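Here is the structure we will look at, set down as C-alpha cells.
The values are calculated or read from the model by the stated rules, or taken from the named source; none is laboratory data. Everything quoted here is computed from the prediction, not taken from an experiment. Methodologically, a virtual Cβ is constructed for each residue, glycine included, from the backbone with ideal geometry; neighbour enumeration extends over all protein chains shown. Side chains are part of the model used for accessible areas, which takes the heavy atoms of the whole protein and leaves out ligands, DNA and RNA. Shrake-Rupley method; radii C 1.70, N 1.55, O 1.52, S 1.80 Å.
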Amino acid sequence: MSNKGVLITGGQSEMGPLAAAQMRLASFAPYRWFVAAIIWIADKLGLRGRSLVIAMPYLWLLVFFLLPFAIVFKLSFSEIAIAIPPYTPIVSWVDGIYLRLQLSFESYQLLFEDSLYIKAYLNSIKIATVSTLLTLLIGYPMAYGMVRAPKQWRTTLLMLVILPFWTSFLIRVYAWIGILKTKGLLNLLLMNLGIISEPLTILNTNVAVYIGIVYSYLPFMILPLYANLEKLDGSLLEAAADLGCGPFKAFWTITIPLSTAGIVAGCFLVFIPAVGEFVIPDLLGGSDTLMIGKTLWVEFFNNRDWPLASAVAVLLLLILIVPIVLFQKFQERANAQSA
Amino acid sequence: MHENKEFYPWLDAKQKPYIQIERVTKKFGDFVAIDNLSLDIYRNEFFALLGPSGCGKTTLLRMLAGFEKPTEGRILLDGEDVSSVPPHQRLVNMMFQSYALFPHMTVEKNIGFGLKQDKVPAAQIKKRVDDMLELVQLGQFARRKPHQLSGGQRQRVALARSLIKQPKLLLLDEPLGALDKKLREQTQFELMNLQEELGITFMIVTHDQEEAMTVSSRIGLMINGDLEQVATPSELYETPKSRFVAEFIGDVNLLEGRYDGSGEFGLTMVCKESDSAIQSTQRLDVAHGTTIWAAIRPEKLEISKQRPEGTPNVLKGKVWDIGYGGSFSTYHVHLPNGKAMTAVRANRERSLEKSITWEDDVYLSWAPKSAVILTD
C-alpha cells in the first residue's frame, strides 16, 4: 500500500526509535491488511481525503462507544440466570422454527420500584453538583492567580497542577485514607495544634467523599479556566476602570461573564465523571454513602446481576446525556460568538 | 480649524493651563520611560503626542489615565493633583488602541457602561446613549455585539463610549491605527469636528506625523522619554528645533557645514557640497567654525537646467531618479560628491513630456529664507 511507501522514504540509515517502530508496524502484515481494509471500505463508501479524516473520529466512537453501549443496552433486557455468562439470551429459537425475541423489563422495573436506585442516582447528582461547585470555588481563584502570576512562573504553576497525574489515581485516593483516618495526619496535626481535643471522624463519611472528588477533579476545573482566563484581554479591565468601574465590580461585570465558557467547560469536566465516580466513594465513603457508580459495581460483581447492572448503566447514561447535550449547545454558541 | 479662530492660549500669559505635567519621571525598574518631563496643556486643545515607538508617549498617556503612577513629579488636572488618583476615580477617559470594547455587551451597553458606573438613572442613560449613537451615526446598530460590527463601526463605538461621560480630558491612543487610509482621513476630520462641538480637551498619541499635523492644535514631539519640541504643526514643520525634529516631520535635505560669520542676508555657512558660501536670513550667536546644518524641505528646492539667478544658494548635480506622484514629481539628485538630495516639484502643467529627465545635469537652488539653520 501507499502507506508503506511513505514510511520507507523517511530514510533507513538514521532512524529514531519511533520511526523504527512505525516501520515495523507498517511491515506488520495484519496492520497493513487492517489499513487496507479501512481505506477500501472508505473508498467504497465514497470517502476520500478530507471526509476520510473526518470519518475517523466517528469510526472511533462507533467501535469504542456505540458498540459497547449496544451490548450493554441489549444486556439490560435479559434476565438473570445461573449460567456463564449469567443472563438469558434475548433472541432464541423455539421448536426450531420460531425466532423468539424476549425482552425483559424486570431490571428497569426494579430500578424504579426499589427506592435504593433512585436514591443512589439522586445522591450521585447531589454529590457531583456540590463537588463541582466546591471545585469551582477553589479552582477559579487558583486559575486566576496563575494567570496573574509573573510570566516566568506560569509554566511551573501549570506543571504543578498537572503533576498529580504522574501518580496513579488509586494511590492518591489511598493516600487520603492515611490523611483522613482517625489517627491520620490531619487529626494528629489538629490535635497537636490544640484546635481539637477529640479526633474528627472524617473517613468513611460523605465529607471524605467530597474531599476526594474535589481533590481528584480540581485540575479538570483549573485547566480550562486557566486557558480561558489567559486569553482575557487586559485592556478590557483597564477600559472598565477608565469608565469608573472599581476593581471588584470589574471582576464581576467583565472577568466573570467573559470566562463563562471556561466555567462551563470546567464544571462539565468535573460533574460528568463525578456522577459516575466509583473509586472515591468506595475507598473514602462509608456504608451509607450511596452513589450510582458503587451501586453498579455491587450489582455487577457482588450480586452478579448483569442485566440490572446494565440497566443502571443505561439510565446513568441517559441522565448524563442531558448535561452533555447542554454542554455541546453552549460550546457551539460560544464558538459562533468568538468567530 | 483652530488657526482660523486664533486659538493660541499657550501664547497668552494670563491663560491658566488645564493639564499640568510637572517634572514627571517614570521608571520601570532601571529603564527610564519618561525623563523629567514638563508640559502644559490648555482647555479645548487638541494636543498630539508624536514620536517613534518606544519614545514613552504611550506611557505618558497611561499616566494621565491613571494606569501608571509617576515615579517622580506630579500631574495636575484643572488645578488638582491627580497623580495618585486611581483610574476609576479620574475624570479622564481613554479611547484604547484596540478599542477594548466589552465583547459580551451590546453597543448600547458598551456606550452606557460609564454612566451606569456613576449610578445615573436608567432613563437618563438611555437618552444619553441614544444621543451618542446619533452623534456617531450608529443608531441602527444599538443592539449589535461588537463582533458583528466592522472596524470603522467599532472605532465609533469606542469613541462614543469614551465621550459619553464628557470627561475633562479625552485620551486617544492611536485611535485610527486600525483603519484604512480613506476611512482614516475621513475620521480625522470627524474627530476634529467632534472635539470642537463638544468642547472637550483631546490628547492623541500617534506615530503618524500626517495625522498629528492634520488634527492637532499643537504637537509634542517626544524622543527618549522627553519632549524634543512642542509647537503648532506649521511651526514644527517650518522651524524645527533640531535635526531630529526636521527629519521626523516630513522629508528634509540636510547639509552639514561650518558657521562662517554673518553675511549679506543673515549668516553664511561653508560646506563641502557648495563652492560658494551658503546664505541664510537666520542669525546665530555661535563661534566661527561651529558645526551647523542647513535643513531644506524638498518642496523648497528649485530644480532647473539653467543656472538660476537671484539666489546665492546653488548646487550642481545629476538626476538619479524621478518618482511620478500624480500631482507632484520627486527628483532624486546626486551631487558630485555622491550626496543624495530630494526635490519635489508640482506638476502644474499637464504634460507627458518631461523637461527634466534621467541623467540630466541640473541646478538645485533655494532662497536664503527657505532653509532652516540648525545647531543640534
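Here are the numbers for the structure shown:
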{"quantity": "Cα-projected label distance for B:Arg143 with A:Val94, points at 7 Å along beta-carbon direction, nm", "calculated": "6.3"}
{"quantity": "Segment B:182-245-segment A:252-284 distance, computed between alpha-carbon centres (Å)", "calculated": "52"}
{"quantity": "Of the GluC sites (Glu not before Pro) in segment B:296-344, those whose Cβ has at most 10 other Cβ within 10 Å and which sit in DSSP loop", "calculated": "B:Glu309"}
{"quantity": "Heavy atoms of B:Ile164 accessible to a 1.4 Å probe, total area in Å² rounded to 10", "calculated": "10"}
{"quantity": "Size-normalised alpha-carbon gyration radius of segment B:2-244, reference 2.2 N^0.38 Å", "calculated": "1.01"}
{"quantity": "C-alpha center-to-center spacing [segment A:286-339, segment B:309-376] in angstrom", "calculated": "83"}
{"quantity": "Accessible surface of segment B:252-374 [probe 1.4 Å, protein heavy atoms]: carbon and sulfur percent", "calculated": "47"}
{"quantity": "Occluded residues from segment A:203-245, i.e. those whose accessible area drops by 50 Å² or more once the chain is not alone (1.4 Å probe)", "calculated": "A:Leu236, A:Glu238, A:Asp242, A:Leu243, A:Gly244"}
{"quantity": "Spin-label model distance (nm) - A:Lys231 vs B:Asp81, 7 Å beyond Cα toward Cβ", "calculated": "4.5"}
{"quantity": "Solvent-accessible surface (1.4 angstrom probe) belonging to A:Leu170, in square angstrom, nearest 10", "calculated": "80"}
{"quantity": "Å² of accessible area per residue within chain A, as computed with a 1.4 Å probe and no ligands counted", "calculated": "60"}
{"quantity": "Only Lys, Arg (+1) and Asp, Glu (-1) charged, at Cβ; segment B:2-244 dipole about Cα centre in debye", "calculated": "1120"}
{"quantity": "Listed residue pairs exceeding 20 Å between alpha carbons, taken from A:Lys249/B:Lys27; B:Lys241/B:Lys369; A:Lys231/B:Lys181; B:Lys57/B:Lys145; B:Lys116/B:Lys145", "calculated": "A:Lys249/B:Lys27; A:Lys231/B:Lys181; B:Lys57/B:Lys145"}
{"quantity": "Volume of the Cα convex hull of chain A, divided per residue and given in Å³", "calculated": "266"}
{"quantity": "Largest-first ordering by accessible area, 1.4 Å probe, given options B:Met192, B:Met222, B:Met213, A:Met159", "calculated": "A:Met159, B:Met213, B:Met192, B:Met222"}
{"quantity": "Within the protein assembly as shown, percent of DSSP bridges classed antiparallel, to nearest 5", "calculated": "75"}
{"quantity": "B:Leu183 paired with A:Ala55, simple spin-label distance in nm, labels 7 Å along Cα-to-beta-carbon", "calculated": "4.4"}
{"quantity": "Heavy-atom accessible surface of chain A: percent carbon and sulfur, 1.4 Å", "calculated": "70"}
{"quantity": "Chains B and A together, accessible area buried on both sides, 1.4 angstrom probe, square angstrom", "calculated": "1800"}
{"quantity": "Stretch in chain A that is longest and holds no trypsin sites (Lys or Arg not before Pro) that DSSP places in a loop and that have at most 16 other beta carbons within 10 Å", "calculated": "A:49-182"}
{"quantity": "Tail beyond 16 Å, pair distance distribution of segment A:64-154 (Cα, percent)", "calculated": "75"}
{"quantity": "Cα-centre dipole for the protein assembly as shown with unit charges at Cβ (Lys and Arg positive, Asp and Glu negative), debye to 20", "calculated": "1700"}
{"quantity": "DSSP-defined antiparallel bridges as percent of all bridges, segment B:2-244, nearest 5", "calculated": "50"}
{"quantity": "Exposure of B:Trp358 as accessible area (Å², to 10), given a probe of 1.4 Å and all protein chains", "calculated": "130"}
{"quantity": "Whole-percent carbon and sulfur share, accessible surface of segment B:2-244, 1.4 Å", "calculated": "47"}
